[in-house]
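Where a number appears in this text, it was derived from the coordinates with a stated rule and is not lab data. Worth saying up front: this structure is predicted, and the values here are computed from it rather than measured. Cβ atoms come from the backbone with ideal geometry, glycine included; neighbour counts cover every protein chain shown.
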Amino acid sequence: MAEPADSFVEWALEYAQRGIPVLPLSGKLPRIPKRKGGTGVHDATTDPDRIRQWWRRWPQANIGLRCGIQFDVIDIDGREGRDGLEQFLATRAQEPIGGPRVRTGSGGWHIYVAPTGLPDKIGVLAHVDYRAADRYVVAPPSRHSETGRPYRWIPGRGIDTPLGRVPPALRELLAPRRIEHTPLPTVRPAAPDHPYGRRALEEETAAVATAPKGRRNDQLWRSARSLYALVAGGVLDEMEVEHALRIAAERCGLVGEEPGSTERTLQSAREVGMAQPRGIPVSPRQRVDPQAPAALPPPGRAGLEHE
C-alpha cells in the first residue's frame, strides 16, 4: 500500500481507516485540555469527521495512537534499551519478536505487537516500557518536541508488516503479580447458553448497538473481548456471539461505515478474549452447581470487565 504524504491529517485518517483510534497531541501530551472537556486517551476515535475537525483546528498536531485495541507497543528508549532487550531475547526467547517498527524522534524504537490483554507496564526491562490498554504512543509523521526529528516507519517494517508476537518469557514479566486474597471461584457450565451468559450477551451487544460515534470501535472491542472470554469458559456459543456482535455493529453503523476496521477489531478481540477464559462467578457460600443458574449472581458491567 502506498503511504500517504507527510500530511498529519492524511496519516491520522489512514490510521483510523485501519481501525486504530487516534487523538491529536501537543508534543507527547493530549492537545485537548482537561479544562475544555478533554479525557486524554479516551478522546481517541476512528470517526473521520471528528479527525478532520481536529486537524483543521490544529494542522500541525502530532498523532497519538491508542494501544490495547489493534496492537500493543514495546517502547524502547535508546541504545541501552535496545541492547537490553536484544540480550534478553538472546538468552530467554526462542524467536524474534518481529512486527512493524518506528524510529522515534528521540532515537528510540516502537515495536508493534499483537495485543495481549496484559496491562501497561513501565520498566518491564531497563529502558524498556510496555504500552497497552488505556495508553497511547506517538506515531509517524509526528515530530519530537525537543529534538524536532520526525517519527518514521522503518523501511521494510512499515505499517503493513504483520504484528509481532510477545514471547512467553517477556509475557511472564508483564503479567500482574498474583493477588493475595482468594479470587471469586468460577464454574464451567455443562453446556453453553447459560442464563448468566445470556444476560451478558444482551448487555454487551446493547452497549455496542447504542455506542455513539467516536466510541463505537472501542466499545466493540471491549464487549467482544468480554463475550469471547465467556465463550472460552464454556458459557456462550461462539457462533451465536459472533452473529450477535455483527448485528450490533451493524446497528451502530460500524459495519456500513468502517467495514475493514470492524473486522480487524473483532479479530483482535476474539484473540484476546479466547486466551482469557471466564466461567460463571460463584459465591464461596453457594453450591458450585452448573445446573443451578438461579443461585448465580447477575453478570453486571463491573463483573464483565473484571480481569
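Quick notes
- Isotropically averaged projected area of the stretch 100-146, using the convex hull of Cα atoms (one quarter of hull area), nm²: 3.8
- Stretchable slack from Met239 to Gln53, in nm (0.36 nm times residue separation minus alpha-carbon distance): 63.1 nm
- Modelled this way, with points 7 Å down the Cα-to-C-beta line, the labels at Thr39 and Arg82 are 3.9 nm from one another.
- For the stretch 108-125, backbone phi angles converted through the Karplus equation (6.51, -1.76, 1.60; θ = phi - 60°) give residue-by-residue couplings of x, 9, 10, 10, 8, 10, 4, x, 9, x, 7, x, 4, 9, 8, x, 4, 9 Hz, Gly and Pro being listed as x.
- Calculated SAXS-style log₁₀ I(q)/I(0) at q = 0.11, 0.13, 0.20 Å⁻¹ - the stretch 1-79, Debye, Cα scatterers: -0.28, -0.40, -0.90
- Length released on extending from Gln276 to Ile154, taking residue separation times 0.36 nm less the Cα-Cα span: 40.6 nm
- Charge sum, other residues only, whose C-beta stays under 10 Å from Asp129's C-beta, Lys/Arg counted +1 and Asp/Glu -1: 0
- FRET efficiency, Thr161 to Ala206 (Cβ-Cβ, R0 30 Å, nearest 0.05): 0.25
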